[in-house]
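Quick notes on the structure that follows.
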Amino acid sequence: MTDQRLSRRRILGTVAGAGTASLAGCPLFSPGADSETTAVDPEAASELATRFAPTLYFDENEPWFPTDPRQYTSEQDGETVVTGFDALDGYHADFTGSEPPAPMLFYNAVGYEDSPLVAVQFWAYSVFDQFTTNFHWHDWEVLHVFVDTETDEPQLYVASSHSRKVPNNEFLDPDPETVPRILTELGSHSSALSLNDLADRFQRISEGGGLADITNSAIETVEDIAAIPFAYGLPRDEGSRLPYLVPEYEGAPLYEHDDLPSVERSDLIPASLTVRSLDTLTSSLPGLPNRETGLVFAHSERSGTDADIEYELAPTSEIEDITDFTGPQLSFEFDVPEFGEDAVSGHISTTGAPWGQSRYENPAADISEPNHRAALADRYDAIGDAAAINTVVASVSEAVSNPDAPEDEGLTTQDSEFEGVALLESDPEAVPTFDGVAAVTDVPAGDHRLTINRAGAAPHSESVSVADDGVQAPAGVDGEIPMVARENARKVEIDPAEADSELNRLAVEDDFAGRLYDAPLDGPDAAYVHDGGAYTAEVRDTDDAVGAFRVNPDPDADDAVGLGVANTGKASLATFVADIAAETQAQVADLEDGDTDDGDDSGGQQNAITGLAQALRAVVDAAEKAAQRAEEGDRGNTDRQLETVAARLERVSTKISEASGAMPDPLSAAARKRLDQATRRNQQARDQEKL
C-alpha cells in the first residue's frame, strides 16, 4: 500500500505556499463536507487515549485544575445538571490541601467512515474561567489528535483556544514518538502546544534550528506582523502582559455572593495580575509578572515523567448523562468610543456540554487553519476542502511622545507592553490580542464596528468592511491601531449632520507619526488622540471631496475637541493651510528676538528667522484670501489665490533651509513636516471641483 503520509519537508513547503496564496486573497478551495463519524471500538479508543494522553503544564497562579464534574451534579426537572454555584463552591470546599480534587481528563474517539483517519479528543473540565476578555462558570477545553490507523502515525494536533473567533494552536505532522504537551493559559485554560525542546515554554517560531510549536501559516496582509504565525499561542509566555479582571454578579464581586461560602478572594486569580475594570484606569499599568510553571499533570499510566499530579482518564460516555452546565451571566463593561460614550458588554459564555457541540461528533470542525484542513483533505477523502475564512486583523501599538518633535507637538508609535481585547459589536464574543495582534476570524461579510480595549488606554473604535472572499480585512491604518494611554487621551468629536455634503470618512494624522486613524464615517463619531500630538483631521464626502482641520490639543485641558461644521472643498482646505502656516509662523516669530544657535553669525541667522516668519505670514495671507473667495463662490479668483499659495509655500521651503541653523532641531523638523502637509492640502484644493 502507498504511504499516505508525505514527507514533513514536502508537506510544510506545500502548506507554506498555500498559506501565502490564500492569506494574500486567493482562496484555494470551496467549502466541502466531511464524512460521517462513528464511535471507535472502546478498547481501541482506550489504547489511543493512553498513547496520546497529554502532559499538562499549569501556571503557578492557576486556581482551577481539570476535575470530574460528576461530584457536583444535581437533579433539575428530571435531568442531571451541574450548576455554576455548586461546582465553584464545591471545588473550593474540596481543595483544602496541596492536591487539587479528582484530577481527571475525559476522552472521546471517533473514526471517519471509509477512512483510516481517527480523532481522539481529550476534554478537560474546570469549574470556572477568569480572564481578560471573559469570565464564566464551567470551562471545557479540548485537544484533538488526528491519527492515521493504517500508518499508526499522528497527522495533526489541534489545541483549543478561546473560541472560534481566535485561531487554535495547531501542528501538522507531529513526531509520533513525542507525547503531546499542553501549556494551559492561566484562568482561561486556553491550550497552547509545546513540542519544542523546552517542555514548559511556548515557541511560536523556530529559533536556532529548534522546533516551533505551531505550523499555522503567517499573517500576510499586515507588513509589520507578516512573520507571525496566525495562532493565539500563549502571550504571557512570549513576554506579553495580560491584566485579568474580577468577575462580578449582581453588582458585587463574585466571591462575596452568599451562595459561595467556600470561595474567597484568594481563590481567584491573584490581585497582582488583576484590575477591577479596563475602563476606570487613569494611567498605564505597572509591570505584571510573566508566566511561570506551577503544577504539572500527567496520565497515571504514563511512566518516566516528573509530574506533580497524576490524572485519571475516563471516556466521555460515562458523563454524557449530564445534560447541561448552567450558571447566570457574569458581566463587565467595555467602553465603546461612539458619540455619547455608549457601553456594551462582550462575553464568551460557557459552551455547555461537549456532547452538544458539532466538534464532538466531527473534530475536523475545530480545525481553524485552512491550510491544515487542506492538507488533510488532500490525504483523506473523508475531509472536505477548506473554505475561505473572513478575518479582521490589525497590529495594536501605542502612541507616545516623540523626542524629536517640539514639546507636546509630535508622536511616534511603539510596541504595546500589554495585550488588549478585540470586540466586534456585531458579535458577542470578545477575543484577546496575541503578541500585539488583534485577529477576529469567521467574521460574516458586511460592515462591522471593531473596538479595541487595553488596560490603562483609551478605547479605540472604528468601522470595518469585510468582503466575503477570505481576504483578510486590515483594520486601523495599514493594519496598525495605535492606542493612547488614558491619562494622555483627548477625544476628537465629529457630528457630520451640519456639513454641506454627506461625509463618509474621517482620518487623523500627526505631524510626526503620520496617519493614526482612518475609518468610514456614517454618523456622529469620535476618535481618541494623544494630547502630545499635533494633528490634521481629514474628512471626505460621497463625492470624494476633501476637507481638513487643524487639531492641536492643549495638554492642560480636559474637554473634547470638536471639529465643528466639517465641510469639504477648497474653502476648508485653504483655511487649513492658513491655520497650519499661522501656527508655525507664531513659533518662528518667538525666535526673532531670541538667541541663535550660532554666536558667530547672529545677524545672519536672525535675518533668516525673520525671512522665514515673513514667508509664512505671506502664506497665511494668500490662503485666507483663497478661502474667502471660495466661500463667495468665486472659482476663478479662488484658483488664482491657490496658485499664489503654492508659490509662497515654495519660498517657505527655501527659507526653512536658510533658517534651519537658527532653529531648534525639533522646530526645524516640525516646520518641514507642516510644510509638506500644507503643500499637499493646497494641491488637493487646486485639484478638486467643490468650492
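The values are calculated or read from the model by the stated rules, or taken from the named source; none is laboratory data. Computed from a predicted model, the values in this text were never measured in an experiment. Here the Cβ is made from the backbone with ideal geometry for all residues, glycine too, and neighbour counts use every protein chain on show. Only protein heavy atoms, including side chains, enter the accessible area calculation; ligands, DNA and RNA are left aside. Shrake-Rupley method; radii C 1.70, N 1.55, O 1.52, S 1.80 Å.
Structure data summary
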| quantity | calculated |
| --- | --- |
| Using alpha-carbon coordinates, inclination of helix 570-589 to the longest axis of the chain, degrees | 80 |
| Among Leu288, Val179, Pro229 - extreme Cα towards positive end, dipole of the chain, charges at beta-carbon | Pro229 |
| Solvent-accessible surface ranking, highest first, for His257, His448 at 1.4 angstrom | His257, His448 |
| Cα-centre dipole for segment 346-446 with unit charges at Cβ (Lys and Arg positive, Asp and Glu negative), debye to 20 | 700 |
| Estimated FRET transfer efficiency when R0 is 25 angstrom, pair Ala365-Ser426 (beta carbons, to 0.05) | 0.65 |
| Pair Glu36, Ser331: separation of 7 Å Cα→Cβ label points (nm) | 4.6 |
| C-alpha long axis of helix 635-659 to longest principal axis of the chain, angle in ° | 80 |
| Heavy-atom accessible surface of the chain: percent carbon and sulfur, 1.4 Å | 43 |
| Order of exposure, largest accessible area first, which applies to Glu99, Glu312 with probe 1.4 Å | Glu99, Glu312 |
| Dipole in debye (nearest 20) - the chain, about Cα centre, beta carbon charges: Lys, Arg +1; Asp, Glu -1 | 2120 |
| Label-point gap, in nm, between Asn504 and Arg70 - each point 7 angstrom along Cα→Cβ | 6.2 |
| [x] 25.5, 81; [y] 29.8, 97; [z] 51.7, 178, with the label sought being that of the calculated Rg and Dmax of the Cα atoms in Å | [y] |
| Sites Glu643 and Asp554, calculated FRET efficiency, Cβ-Cβ separation with R0 56 Å, nearest 0.05 | 0.95 |
| Angle between the chain longest axis and helix 8-23 axis [Cα atoms, degrees, rounded to 10] | 40 |
| Sequence of Asp408, Asp590 from largest to smallest accessible area, 1.4 Å probe | Asp590, Asp408 |
| In Å², nearest 10: area of Asp366 left accessible to a 1.4 Å probe | 0 |
| Count of Lys pairs (Cα-Cα under 17 Å; at least 8 positions apart or interchain) in the chain | 4 |
